[in-house]
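Quick notes on the structure that follows.
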Amino acid sequence: MAEKNGLVDRDKLYDISGRSRKIQMDLAQKFNIPYIPQPGGGCILTETDYGQRLKKLISIKPDFDGSDAQVLRHCRPVWEKNLFFAIARNQADCIALKSLAKPSDTIFEPQNFPGPIVLVRNFGGLIGQEEIEILGKRYLLQYSKKIPAASEISMAMIEK
């Protein structure tokens, strides 16, 4: 319809075909597009790593919600006791995890050194805030580099 109505001129389109992404990557660079999603076969459930993460989530929290499933896409997951630690792998993950935080989640963020944010989700609510603070900081430091002697880490409990 778009072509018939004159909205799209097929002669001005690129002739991208096949599995190579070279033309797409060149275009992304030309137009300053910073985030290029990984190619995939479609449904995220076909990705082995994600499927295993989701299976683990289902076994721990059968009544999980969409936010729980989305967080799994943007982190290195660690499960300890009834706590889920979502450790960002890159800047995009940091942004995504902050936006997916739910009330009662706790976010740890390095202040004076480079490192990932860590989102902690307390499934079951049985773990106290003191223990969450100890473990959250431990995981943040474990996955950080260039940690100064006097490291500063902010901790915020989400209250939306």
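The values are calculated or read from the model by the stated rules, or taken from the named source; none is laboratory data. Just so it is clear, the model here is predicted, and its values are computed rather than measured. No Cβ is skipped: glycine too gets one built from the backbone with ideal geometry, and neighbour counts run over all protein chains shown. Note: accessible area is taken over every heavy atom of the protein model, side chains too, but ligands, DNA and RNA are not part of it. Shrake-Rupley method; radii C 1.70, N 1.55, O 1.52, S 1.80 Å.
A few notes on this one:
- The residues in the stretch 113-160 that are modelled with pLDDT under 90 and more than 23 Å from Ser99 (Cα to Cα) can be counted, and the count is 10.
- Taking the stretch 89-104 as the range and being of a type in the set (Gly, Ala, Ser), under 15 Å from Ala69 (Cα atoms) and within 8 Å of the chain's Cα centre (by Cα) as the test, only Ala96 passes.
- Within the stretch 4-48, the set of residues being in contact with a helix residue (DSSP H, G or I) (Cβ under 8 Å, 6 or more places away or on another chain) and open to solvent by 90 Å² or more (accessible area, probe 1.4 Å) comprises Tyr14, Tyr35, Leu45.
- Hits in the stretch 115-160 (condition: within 24 Å of Asp68 (Cβ to Cβ), of a type in the set (Asp, Glu) and part of a loop (DSSP other than H, G, I, E, B)): Glu159
- Among the criteria (1) free of Cβ contacts under 8 Å to residues at least 24 places away in the same chain; (2) over 22 Å from Asp49 (Cα atoms); (3) open to solvent by 60 Å² or more (accessible area, probe 1.4 Å), the one Gln91 does not fulfil is (2).
- Matching residues in the stretch 1-35 - criterion: being within 30 Å of His74 (Cα to Cα) and in a helix (DSSP H, G or I): Lys22, Ile23, Gln24, Met25, Asp26, Leu27, Ala28, Gln29, Lys30
- Qualifying residue in the stretch 24-46 (condition: more than 20 Å from the chain's Cα centre (by Cα) and touching a residue at least 12 places away in the same chain (Cβ under 8 Å)): yes
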